[in-house]
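Structure first, then comments.
The values are calculated or read from the model by the stated rules, or taken from the named source; none is laboratory data. Small disclaimer: the values here were computed from a predicted structure and weren't measured. Cβ coordinates were reconstructed from backbone atoms using ideal geometry, including for glycine residues, and neighbour counts include every protein chain displayed. For accessibility, only protein heavy atoms count, side chains too; no ligands or nucleic acids. Shrake-Rupley method; radii C 1.70, N 1.55, O 1.52, S 1.80 Å.
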Amino acid sequence: MLQLSKLQCMRTLASVDESYELCRQVTASYAKNFYLGTQLMPEAKRRAIWAIYVWCRRTDELVDGPGSEATTPETLNLWEKRLESVFAGHPHDDYDVALVDTLSRFPIDIQPFREMIAGQQMDLYRSRYETFEELNLYCYRVAGTVGMMSMSVMGVDESNSAASWNWHWGNKIPKEEAISLGIAKQLTNILRDVGEDARRGRIYIPLEDLALFNYTEEDLFNGVIDNRWRELMKFQIQRARKLYASAEPGIKVLSPDIRWTVWAATMLYSRILNAIERNQYDVFQKRAYVTNFQKLQCLPAAWLKSKIL
């Protein structure tokens, strides 16, 4: 599946601009909220983020996308070897061209990409997580790593005024905060997608948490919504919100031309938790989402935060 056909080898790959346009189209089609946020970025940075997003999406689809039933550990091992080739400056297909260009423009490390692949490996053989510590590792690998990939593109504010205002940061890159934001978003995904995951036989909420609220796997697969479930969901939502809060100090020291984007994305994603609450914690039959009106409401508030915080 990952081998290039003879026809692909014979033809010329897309130009850099064509490749970025392909990445833009994929991002706009599959990640509408995220794409909206990238429109607030400077052109060079948003193009780089599109290239990173597309690689992450393609990696995820190896396990969760069409044809994923054919994916094996060897498939992911081959994908990692291909990643190494891309980092060496050798694109394999049209989408890789943009990523190779992004890597030449920004000092991005390969390790978070490797760790994301390791997260997909976990999905091949795990459908349950006993403790939050186990789930946290999974969330870091599949989502916290995205923050690490993006950090070099986003950059930090190195101006004198920023150094004075954020004197306690010095030149520190807010890596832990970026990871916390990624994990918070992944937990939000998990809570939103409980019903969808259950239909695939997967439970991402830690089993120790289910036991804490006397809620069983059978209850979850049957979509039982009662006081036990509501209290369990309140507990999970509170955990996610704490992670969002712990990530916020890191946003304050990002490059000024990126803060509005990150604040907007953070506020939009965290509002999915509000939607779950409005739906009375029914994540089995109702899809929690942020309306277009709510998205527009977020933008001026995010802009204000980017200027005064």
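Here is how the numbers come out for the structure above:
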| read-out | value |
| --- | --- |
| Choice from Asp94, Asp226, Asp157 with maximal GNM fluctuation in the chain (Cα, 10 Å cutoff) | Asp226 |
| Sum of side-chain charges, Cys298 neighbourhood, beta-carbon under 11 Å (Lys, Arg +1; Asp, Glu -1) | +3 |
| Net lengthening on full extension, Arg105/Ser85 (0.36 nm per residue, minus Cα-Cα) | 5.5 nm |
| Peptides 63-72, 134-143, 281-290 ordered by average Cβ neighbours within 10 Å, highest first | 134-143, 281-290, 63-72 |
| Segment Glu43-Thr216, length gained on full extension (0.36 nm per residue, minus Cα span) | 57.4 nm |
| Out-of-range pairs (alpha-carbon distance over 30 Å; input Lys252/Lys295; Lys81/Lys242; Lys185/Lys305; Lys45/Lys307) | Lys81/Lys242 |
| Added length on full extension, which subtracts the Cα-Cα distance from 0.36 nm per residue, Asp226 to Asp60 | 56.5 nm |
| Contact order normalised by residue count of the chain, Cα under 8 Å, 6+ apart, percent | 18 percent |
| Residue-wise HN-Hα coupling along segment 28-44, computed from phi with Karplus coefficients 6.51, -1.76, 1.60 (Hz; x: Gly, Pro) | 5, 7, 9, 9, 4, 5, 4, 4, 4, x, 5, 5, 8, 8, x, 4, 4 |
| Note, ³J(HN,Hα) from phi for segment 85-91, Karplus 6.51, -1.76, 1.60, rounded to Hz, x at Gly and Pro | 5, 4, 5, 7, x, 10, x |
| Global geometry of the chain, whether rounded, prolate or oblate, following the gyration tensor of its Cα atoms and the 1.5 cut on a/c | oblate |
| Accessible area per residue in Å² at 1.4 Å probe, computed on segment 194-309 | 50 Å² |
| Neighbour net charge for Arg105 - beta-carbon separation under 13 angstrom, K R +1, D E -1 | +1 |
| Centre separation in Å (Cα based) which lies between segment 260-277 and segment 13-87 | 22 Å |
